[in-house]
Every structure is written in structure tokens, then in C-alpha cells.
Amino acid sequence: MNYPDKAFFERFIRGMLRVEAKGGGSLYKFINRLREEGIFCKEQRINGDTFYFTAKRRNKKLIILIAEELDIEIIIREEPSIAGWLWKYRKRFGIPIGMILGAGLLIYCSNIVMVIDIEGNEILSENEIMAALEECSVKRGTFIGDIDFYKSEIYVRSCFDEIAWIGMRHTGNRLVVEIMETSEKPEMRNNRIPCHIVSSKTAQITKMSVTSGKLIKQEGDTVKQGDVIVNGIWTDDNGHMTLYHSTASVTGIYEEDMTFFCPSVQTDRTFSNNIFEEKSLDLFSFKIPLTFEKKTFSDYNLKIQRIPMTLFGKELPISIDKKIFMEYENIETQLSNDQRKENLNHQMKLYEENFLSDCKIIERKCKLIEKETATVMTVSYLIEGEIGTEKELFLKDDRKPYVIGSRKDN
């Protein structure tokens, strides 16, 4: 079968010989002998007593042998080719070994995941998606044939409500993860669901502002936790029932106790200034250690750095990975009474800033209890704040309306 690139293959891959043969009367015997031996000659021409032709490089020894038998003077020039170059350096074992290793590396790099590109993500970060992919064993260095694309897509999609569609494909050693995220849902307001306004605390009502619903309690009344303040059910004289979404702002005075604890011996975790670096070469996802010394800390923080190598601004799948181990130690400190009180006051201040900032603290009573191992402070607050909260009329199990004074069926 003839191929369009056969001449190119013969000349530059296998190699060709350019031969000049001089022999006077024996020249035609030489030509006939070449034909008998099956040596195919191309580009033949005779100029005087010189025969010019080209032949395959593998016939070189046979041509020389025939010329010696017939006393023919020949000049052989070998055309540059890959086969000739390999034969010339056949005793240099590093070249074939390097070619074998290079071919093996090329095959290896073509069948593992070298680069993971995530496209279409705006809400989710790449680190979140990469972490989900690693849970189903999809990461750099994974053999592409071992990846179950269908199961991986289902798993990643199940991990995030923000993903509407996900597709995974690979082009060579590049894995592409395409994501379509869900549109942001509008804020839902339950301002039409029938509900009561009930008390979240046992308190005395000080102020009320009702915009919807039937008022049951008055200012100055005392209510228990769970008592209905504004009713969402209205019944007329004919027995017809109307359900409302009650809306009200109810302020009351209530008591609240909070306990704070401070141990007499405080343990602080501090950095000891001891650092150990462990380096490795990430060569096409194959880890080659560069640090052979091993040092372990009982307590440490780990920081990982990756320094990629670049070529013409493009990041290569080769990098230097650093693991920085920072040692920490626990130091115990005996606190004095003043220091413990200061710590408790600081805890109380943080609690009031975080949880009571919208309330008015009318009174604060503190009680300290000294123990051998700790100091306990109990704070009794008298607070004025919002106590009204919404409670839906319909229960989720039987969808029956909740009527004031009725018992819930067991």
C-alpha cells in the first residue's frame, strides 16, 4: 500500500544512502548483482564509468560486500535520519534510556489529571468545589480511567444547594468542571400566615403597639412564657371565624439569670517560635521529597504553601510545596482574685454587648462564689425588652387551628 508520506518516512525516518560506483567493465555486473540480491535502487543514472543511485540504509553492508567481490570502487554518503542518528549513538545508553523514560512520562501525564478548571461558579468558591471533588477521589494526580464522572457529578451537586447543574469532562490531562448555579431566591415574608402573638418571657407588659389581631392583654398585665397576647382568631356574633396574621410590638419587664465561670489556673496556647519546614517537588502530581530530616511537634499549626513554576506566564504542573510546622505550647498561669474578677467582668460585658444590646438593663445584681479551682459569678438582670413573638395557628402535623385554651391532642 502506498502512502502519501512514504517518501518522507523512507528518507528521514529509516534513512537513505547516496552511492557512487566506479568499475569500468564490471559496472554492469555490479548493477545486475544488485538486482539479483533484491536491492531496490532509485534515482539511477550513469555518467561515463560512474553509476549513481540511492538505496535504503539497511542495505549498506550488502552493497559494500558486492562491490568488494566485483572490485568496484564505491563512495557512500548517508542521508541524515532518525534511524541513522540512533545507530550512531547506539552505545550511549543514556539516550535510549532517556527516550524510554520520556515516553513513559508522556504516557503517564496523558492519563492522569494534571489541571482542574472550574467554570461557571460565582457564589461558590473553587476551594469548596475542590474539597467536594476530593471526597470522591477526584484531584490532581488521579488516574482518569478511575474517575466515575456520573457519580462524581451527582455527589458534588448533592453537597451544595447552589448548584443547579454540573458537568465534568476531560481534554487530555485537563479536567473541566462546568457548573450552573441557581438564581438567588427572593426573600420570603410570612406576612399572610395566620398567627398569634405570644410571650417569649414571663414578664410584665409595659408597652404595646398592635397593628393587626385581637388584643387580649393590657399594659401592666403579667404574662407567662407562651401566653397569647394578641389573638389571631376573630369570631363574630354569628359564629363565623376569621383568621388574622397578628402584628404587634410588645415590650415587657422580665428577669434573667446568667452564670459566668473563670478557672483559677488559666491555660494559654502560645507560639514557641520553633518552626520546621518540609519541602517536596510536585512533578506532574508525583511527590518527590526534598527534605529528609523529620521533626515532630506534639502541638502545632500547619501552613501549606505552593510555589508553581511558570513558562511564558503559563503555570506548569511543576511546583515546590512547602509545609511549615509552627510549634505551640500550653502555658499555665495562676490568676489572682483581681484577675479573675476582671475576667468575669469582661465576659459579662461581652454577653451584654452581644445579646442584650437591644434591651434596656434596669437592674443588675452580681453574686460571686469563690472556689478552690474557679470563681463563679451569677448575674441577675432586670430587663425591659421585646417579648412578643409570632406563633402560627396551624400545626404542621394535622393542620388544625390552635385555639386559645384548647388542649393539643396526644
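The values are calculated or read from the model by the stated rules, or taken from the named source; none is laboratory data. This is a predicted model, so every value here is computed, not measured. FYI the Cβ positions are ideal-geometry reconstructions off the backbone, even for glycines, and counts take in every protein chain you see.
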Of all residues making up the range 221-243, the number that are surrounded by fewer than 18 Cβ atoms within 10 Å (Cβ to Cβ) and more than 17 Å from Gly385 (Cα to Cα): 10
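Going by the conditions given, is Ile129 modelled with pLDDT of 90 or more, aliphatic (A, V, I, L, M) and either surrounded by 11 or more Cβ atoms within 10 Å (Cβ to Cβ) or in contact with a strand residue (DSSP E or B) (Cβ under 7 Å, 6 or more places away or on another chain) (or both)?
Details: modelled with pLDDT of 90 or more: yes; aliphatic (A, V, I, L, M): yes; either surrounded by 11 or more Cβ atoms within 10 Å (Cβ to Cβ) or in contact with a strand residue (DSSP E or B) (Cβ under 7 Å, 6 or more places away or on another chain) (or both): yes.
Yes, satisfied.
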Selection count where residues are of a type outside the set (A, V, I, L, M), closer than 30 Å to Asp71 by Cβ and either modelled with pLDDT under 65 or within 59 Å of the chain's Cα centre (by Cα) (or both), scope the range 11-22: 2
Number of positions in the range 346-386 that are part of a strand (DSSP E or B) and under 25 Å from Ser264 (Cβ atoms): 14
Leading residue by the ranking (farthest from Asn274 (Cα to Cα)) among those in the range 299-337 that are in a strand (DSSP E or B) and among the hydroxyl-bearing types (Ser, Thr, Tyr): Thr310
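Just to be sure before I move on: is Ile74 aliphatic (A, V, I, L, M) and either under 25 Å from Ile147 (Cβ atoms) or surrounded by 13 or more Cβ atoms within 10 Å (Cβ to Cβ) (or both) in the structure I sent? Please lay out each step first, then the result.
Numbers: aliphatic (A, V, I, L, M): yes; either under 25 Å from Ile147 (Cβ atoms) or surrounded by 13 or more Cβ atoms within 10 Å (Cβ to Cβ) (or both): yes.
Considered against the rule, which asks whether it is aliphatic (A, V, I, L, M) and either under 25 Å from Ile147 (Cβ atoms) or surrounded by 13 or more Cβ atoms within 10 Å (Cβ to Cβ) (or both), Ile74 comes out as yes.
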Checklist (1) farther than 30 Å from Ile387 by Cα; (2) modelled with pLDDT under 85; (3) more than 14 Å from the chain's Cα centre (by Cα) applied to Val115, failing item: (3)
Number of the condition not met by Ala67 [criteria: (1) in contact with a strand residue (DSSP E or B) (Cβ under 6 Å, 6 or more places away or on another chain); (2) modelled with pLDDT under 85]: (2)
Restricting the range 225-247 to residues that are touching a Leu at 6+ places or on another chain (Cβ under 8 Å) and modelled with pLDDT of 90 or more, the residue that is farthest from Ser298 (Cα to Cα): Val230
Filter result (under 14 Å from Val156 (Cα atoms), of a type in the set (D, E, K, R) and assigned to a loop (DSSP other than H, G, I, E, B)) within the range 103-142: Lys139
